[in-house]
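**Student:** After the structure tokens below, expect a handful of questions from me.
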Amino acid sequence: MSIHVKGRNVEVTPAMKDYVEKKIAKITKQFKAVGDITAVLKIEHGYHIAEITVPASGILLRAQESTKDMYSSIDLVVEKIERQIHKYKTRLMKRKYANFAEAPAPAPAVEDDGEFEIIKSKKFTLRPMNVEEAILQMNLLNHDFFVFYDAELDGVNVVYRRKDGKYGLLSPELK
């Protein structure tokens, strides 16, 4: 396991790098197998943004936080990753042990019993199109993502709108 700390529009000082590594060390103790961790620190529009990606034990944890102070952003993003770990491990325990009871906690605003409830199901026809057409269609529908069939790549793909206003493309492949 190694920790890669990168900076975009900001110089990563040795003190900042040590701070990130120290904070991430708490996270990695909870897993047997941890891959290479990536931390990206950047400044955009006056906000200090910290983004951490942790591949651990077959799952991928990713979080991003932004504040006016880089150290606060790092603290918040680590807390967010810790909450993801807790949620993941609780769900594992509930599946493994039917009688597993978590310590009582304050009642959340939305009750989450570890099960996923599908409230709507929709079928639709995939039309062959390229990425540009899919983005145009997504924008016409005013959606944040769009599923389409790409004839060039011979598969189903997803385009999505990122938080920064740009677009992303997901191209799944079977293993």
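The values are calculated or read from the model by the stated rules, or taken from the named source; none is laboratory data. All values derive from a computational prediction rather than experimental measurement. In this analysis, Cβ positions are derived from the backbone assuming ideal geometry, glycine residues included, and neighbour counts consider all displayed protein chains.
**Student:** Just for strands (runs of 3 or more DSSP E) wholly inside segment 1-93: which have at least 3 residues that are among the charged types (D, E, K, R), touching a helix residue (DSSP H, G or I) at 6+ places or on another chain (Cβ under 6 Å) and exposed (fewer than 14 other Cβ atoms within 10 Å of the Cβ)? Explain how you work it out, then say what you get.
**Tutor:** Numbers: elements: 3-8, 37-44, 47-56, 59-67.
Fully inside segment 1-93 and qualifying: nothing.
**Student:** Farther than 27 Å from Val158 by Cα and modelled with pLDDT under 75: which single residue out of Ala25, Ala56, Ala98 fits that description? If you could, list the steps in order and put the result at the bottom.
**Tutor:** Numbers: Ala25 fails: modelled with pLDDT under 75; Ala56 fails: farther than 27 Å from Val158 by Cα.
Only one candidate passes the filter, namely Ala98.
**Student:** I would also like to ask the following. Taking only pairs six or more apart or across chains, which ones have beta-carbon atoms under 9 Å, a first residue in segment 134-146 that is assigned by TED's automatic domain parsing to the domain that holds Lys166, and a second residue that is polar (S, T, N, Q) and part of a helix (DSSP H, G or I)?
**Tutor:** His143/Gln137; Phe146/Gln137; Phe146/Asn139
**Student:** Also, I was wondering about something else. Taking segment 18-44 on its own, how many of its residues are under 15 Å from Asp69 (Cα atoms) and not aliphatic (A, V, I, L, M)?
**Tutor:** Total satisfying the criteria: 3.
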